[in-house]
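Working notes, beginning with the structure itself.
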Amino acid sequence: MEAQKFQGLIEKIRSNTYVESELNLSICEFDEARFVDRLTDEQGVILAEAIKQNTHITKINLDGNEIGDGAAIALTSVSTLYGLNLANNLIRLEGLMGLAKSNLKNLTITIRLGEGLIGIEDVLGGFILNKTLESLDLSHSYIPSHLIAELIVKNTTIKTLGLPCIEDEALRSITHNKTLK
């Protein structure tokens, strides 16, 4: 994001004059004019620190930016945040692990592990053990069906689960989960 514009936003957030409960900084992937305005990972960390001083922001949409592991982890440390959309960003294993262990109630992410699926079991294991998430959207992710089935069966706090195309194995497991709506 342009430095001057970003600094203005940060000052508004820090001074608590940004009074909206939702901060929407998503970037439409087809909006070429805004391509240069994508938030970097470093800006995401600064944003997370500023939000800690704001009493209004509870939900952030950062879809389509260039947020990486550092900002993802920094955002999980914001105790007043309950909703976070980090779909279509640059988050890898470390950031995904941090998100899986977070206290968020609503999370939208895209799981794309460039090195294949190394560590995906650990990430999904973190989501299985997470007892605060009520809504998890993984619909733009690639996750093997047997891991989706395990998440569906073992996590009993998620009420809304957005999934990619799933196979029969995962579909059958839905009958074993009584909390999904």
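A few notes on this one:
- Selection within the range 111-134: residues that are open to solvent by 10 Å² or more (accessible area, probe 1.4 Å) and β-branched (Val, Ile, Thr). The member of this set that is modelled with the highest pLDDT is 132.
- Condition met for residue 88 (in contact (Cβ under 8 Å) with a residue 12 or more places away in the chain, at positive phi and in contact with a Gly (Cβ under 8 Å, 6 or more places away or on another chain)): yes
- Of all the listed residues (76, 80, 55), the sole one being surrounded by fewer than 22 Cβ atoms within 10 Å (Cβ to Cβ), without any contact (Cβ under 8 Å) to a residue 60 or more places away in the chain and under 13 Å from residue 107 (Cα atoms) is 76.
- Selection count where residues are more than 20 Å from the chain's Cα centre (by Cα) and either at pLDDT 95 or above or open to solvent by 70 Å² or more (accessible area, probe 1.4 Å) (or both), scope the range 14-36: 12
- Of all residues in the range 37-44, one or more are within 30 Å of residue 151 (Cα to Cα), open to solvent by less than 50 Å² (accessible area, probe 1.4 Å) and touching a residue at least 12 places away in the same chain (Cβ under 8 Å).
- Subset of the range 135-165 (residues that are assigned to a loop (DSSP other than H, G, I, E, B) and crowded, with 17+ Cβ neighbours inside 10 Å): 138, 141, 143, 155, 158, 163
- For residue 174: the one exception among (1) under 21 Å from the mean Cα position of the chain (by Cα); (2) open to solvent by less than 90 Å² (accessible area, probe 1.4 Å): (1)
- Only helices (runs of 4 or more DSSP H) whose full extent lies in the range 29-108 are considered here, and the ones with at least 2 residues that are farther than 27 Å from residue 161 by Cβ are 41-51.
The values are calculated or read from the model by the stated rules, or taken from the named source; none is laboratory data. Just so it is clear, the structure is predicted and the values come from calculations on it, not from any experiment. Positions of Cβ are backbone-derived with ideal geometry, glycine not excepted, and every protein chain shown enters the neighbour counts. In case anyone asks, the SASA skips ligands and DNA or RNA and just uses the protein heavy atoms, side chains included. Shrake-Rupley method; radii C 1.70, N 1.55, O 1.52, S 1.80 Å.
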